[in-house]
Amino acid sequence: MAELYALLQVEHDQAWDLVNALTGGAGDDPLGSRQRKRLAQGLVSLLSGHELTEELVVWPAVRRRCPDGAELAAAALEQEDNLKLALNELSSISPSEEFDECTHTVAAQMRTHLSYEQSQVWPRLRDSVSDSELTALAENWRGARAAAATRPHPHLPADPKLLGAVMPLLAAADRWAELLHGRVALPGV
């Protein structure tokens with residue numbers, strides 16, 4: 001599980017760094033509106049791809065292998081739905097008072113969701129799968145994450161078969177939209 005956890009944790013840490021920069025984490029200098037929008041776009045891209053990849057790889061494994069997997073996945077997916085709606089809003093507004101409120105909403109929802117995953121889901125998944133299954137999950141994560149969409153799709157059902165079929169199309173459309181609008185994901189995002 002260490003490899004899968006490491007992959008997930010890297011993105012959790014990147015999301016926290018972006019949220020802290022956007023919400024004025026301790027010691028941060030005030031940012032200009034252009035920089036805040038760029039950071040928000042990076043956060044939207046990172047979390048959108050992360051959540052869709054979890055829906056494709058992690059939640060099916062949790063449902064299959066954990067004794068209480070259906071309940072764990074249902075709670076996580078409800079949190080993700082709310083987060084995707086907030087990310088969708090954040091992606092479409094300019095820095096303003098409303099933007100600040102939205103970044104704080106995203107931060108609160110993200111805090112709840114990531115804490116739930118790390119404290120409730122990860123330990124149960126670790127106890128429920130073999131080392132070979134964990135290795136396969138990490139490989140599946142890498143492949144799916146490389147091809148993940150970069151925009152929130154809040155109305156797309158979290159159905160792994162559907163996601164597997166449409167993810168390449170969504171990712172291509174998202175990347176074209178970013179190019180057309182002059183938005184480029186942050187390095188490493």
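The values are calculated or read from the model by the stated rules, or taken from the named source; none is laboratory data. Computed from a predicted structure; not experimentally measured. Note that each Cβ is placed from the backbone with ideal geometry, even for glycine, and that neighbours are counted across all protein chains shown.
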Matching residues, segment 1-15, being in a helix (DSSP H, G or I) and surrounded by 14 or more Cβ atoms within 10 Å (Cβ to Cβ): GLU3, LEU4, TYR5, LEU7, LEU8, GLN9, GLU11, HIS12, GLN14, ALA15
From ALA148, ALA107, ALA158, residue being over 21 Å from GLN9 (Cα atoms) and crowded, with 16+ Cβ neighbours inside 10 Å: ALA158
Test: residue in segment 31-52 that is in contact (Cβ under 8 Å) with a residue 24 or more places away in the chain, part of a loop (DSSP other than H, G, I, E, B) and in contact with a helix residue (DSSP H, G or I) (Cβ under 6 Å, 6 or more places away or on another chain): no
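LEU156: part of a loop (DSSP other than H, G, I, E, B) and modelled with pLDDT of 75 or more, yes or no?
yes
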Some residue of segment 111-125 being at pLDDT 80 or above, out of contact with any strand residue (DSSP E or B) (no Cβ under 8 Å at 6 or more places or on another chain), crowded, with 19+ Cβ neighbours inside 10 Å and assigned to a loop (DSSP other than H, G, I, E, B): no
